[in-house]
Amino acid sequence: MPMYNPPHPGEIIREFCTDPLKMNVTEAAKVLGVTRKTFSAILNGRSGISPEMALRLAKVFGRTPEGWLKLQSQYDLWKTRQSVDIGALKRIEAA
């Protein structure tokens, strides 16, 4: 069953990773080996988690890379469902 209104992964990172560790954006970006701008964009929902970032997040904060990518995929799919009308499409039946 699809998740209703899943949070952007940046919200998860902030709530369960950076805030409990009292890390600011600059400190977390440095530990992850990315720019402050890149990490800030993810935390603020302006950018998604790439496979490379998933590897970095898994190494630094835990979870699996697949887990981080699944969060991103769930968010992306939910957002797309809100804006794409597929009601007129029909399944192709085998002849």
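Since every read-out is calculated from the coordinates, none of them should be taken as a lab result. Predicted, not measured: the structure shown is a model, and the values here were computed from it. A quick note on method: Cβ atoms are made from the backbone with ideal geometry, for glycine too, and the neighbour counts reach across all protein chains shown.
Observations on the structure shown:
- For LYS30, the lysines whose Cα comes closer than 28 Å to its Cα, not counting residues fewer than 8 places off in the same chain, are LYS22, LYS59, LYS70.
- For segment 54-68, putting each phi into the Karplus relation 6.51 cos²θ - 1.76 cosθ + 1.60 with θ = phi - 60° gives couplings of 4, 5, 5, 4, 4, 5, 8, 10, x, 6, 9, x, 4, x, 5 Hz, in residue order, rounded to whole numbers and with x for Gly and Pro.
- With at most 14 neighbouring Cβ atoms within 10 Å, loop trypsin sites (Lys or Arg not before Pro) (DSSP) excluded, longest segment of the chain: 47-89
- Shown here for the chain: chymotrypsin sites (Phe, Trp or Tyr not before Pro) in loop regions (DSSP other than H, G, I, E, B) with at most 13 other Cβ atoms within 10 Å, namely TYR4.
- Listed by chain and number, the lysines whose C-alpha is less than 18 Å from the C-alpha of LYS90, apart from same-chain residues fewer than 8 away, amount to an empty set.
- Taken over the Cα atoms of the chain, the convex hull encloses 131 Å³ per residue.
- Based on Cα contacts under 8 Å between residues 6+ apart, segment 9-79 shows a relative contact order of 31 percent.
- Karplus-based coupling profile of segment 35-41, in residue order and whole Hz: 6, 4, 4, 4, 5, 4, 4, with θ = phi - 60° in 6.51 cos²θ - 1.76 cosθ + 1.60 and x standing for Gly or Pro.
- A simple charge model with +1 on the Cβ of Lys and Arg, -1 on the Cβ of Asp and Glu and nothing else charged puts the dipole of the chain at about 200 debye relative to its Cα centre.
- 3J(HN,Hα) along segment 80-89, derived from phi through the Karplus expression 6.51 cos²θ - 1.76 cosθ + 1.60 where θ = phi - 60°, amounts to 5, 4, 6, 10, 10, 9, 10, x, 7, 7 Hz, with x in place of Gly and Pro.
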